[in-house]
1. For the ranges 88-99, 109-120, what's the packing order if you count other beta-carbon atoms within 10 Å of each residue, average per peptide, and put the highest first?
2. Hey, rough spin-label estimate for Trp45 and Arg116, points 7 angstrom out along Cα→Cβ, what's it come to in nanometres?
3. Using alpha-carbon pairs under 8 Å, 6+ residues apart, how would you state the relative contact order of the range 3-68 in percent?
4. Could you do me a favour and compute the accessible area per residue for the range 55-113, 1.4 Å probe, result in Å²?
5. Pull up all non-local amide H partners of Thr14: gap of 5 or more, or a different chain, and H-to-H distance under 5 Å with H placed in the peptide plane.
6. Cβ under 13 Å from Met5's Cβ, Met5 left aside: what net charge do those residues give with Lys, Arg +1 and Asp, Glu -1?
7. State the extension gain, in nm to one decimal, for the chain segment bounded by Val6 and Met95, taking 0.36 nm per residue of separation less the distance between their alpha-carbons.
8. Quick check: pseudo-label points 7 Å beyond the Cα along Cα→Cβ at Arg36 and Thr21, how many nm apart are they?
Amino acid sequence: MNETMVCVVGNVATRPVYRETVSGPSARFRIAVTARYWDREKNSWVDGHTNFFTVWARRQLATNAAASLSVGEPVIVQGRLKVRTETREGQPDWMSADIDAVSVGHDLSRGTTAFRRTPRPESNPAPDRSEPTWETDPALSPPTDGTTGGAMGADSGDTTQLRPEVVMVT
């Protein structure tokens, strides 16, 4: 499968719009990506052209992005690039560049953030993983009265441990 995976670094340009759909949560926002270059004549960094992308997030990523992102924050988005051409309002060749996000995060080279893990929803109850009740010989189980007991010497006061014998057959 040939898909164009991209990683863009920019700023959140619009407030994330969150929707609950039939197929699950969905969120979209715009990201502004501005190229910067060093101008030797001015001896300073200069802003170049700004590209805008619509970022689409699905499922848990949508929920987390809507709760975490605000306009102007620096972000890094990784996902599949989709370039669409449409006819809108009688104008042919309207183009948009969308990113189907796989990952969205704050750009920590430009600030700090605090991570909070979201609880996973429990769709199916967890299976019972309690310890099974094994049937054992009462003579082999440890005593509950504080005395030393066991299979051998329980009555005679012998405290030796049971050890398996190793027999070599030649």
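1. Working: 88-99: 10.8, 109-120: 7.8.
Those peptides, ordered most packed to least, come out 88-99, 109-120.
2. Calculated label separation equals 3.1 nm.
3. On the way: 110 pairs, mean separation 21.2, N = 66.
Relative CO of the range 3-68 lands at 32 percent.
4. Working: 3670 Å² over 59 residues.
Roughly 62 Å² per residue, with all protein chains present.
5. Arg30
6. Summing Lys and Arg as +1 and Asp and Glu as -1 gives 0.
7. Details: separation 89, 0.36 × 89 = 32.04 nm, distance 1.79 nm.
In short, 30.2 nm is gained.
8. Label at Arg36, label at Thr21, 3.5 nm between them.
The values are calculated or read from the model by the stated rules, or taken from the named source; none is laboratory data. These numbers come from a predicted model, not from an experiment. Positions of Cβ are generated from backbone atoms using ideal geometry, with glycine treated the same way; all protein chains shown enter the neighbour counts. Just so you know, the surface numbers come from the protein's heavy atoms only, side chains and all, with ligands and any DNA or RNA stripped out. Shrake-Rupley method; radii C 1.70, N 1.55, O 1.52, S 1.80 Å.
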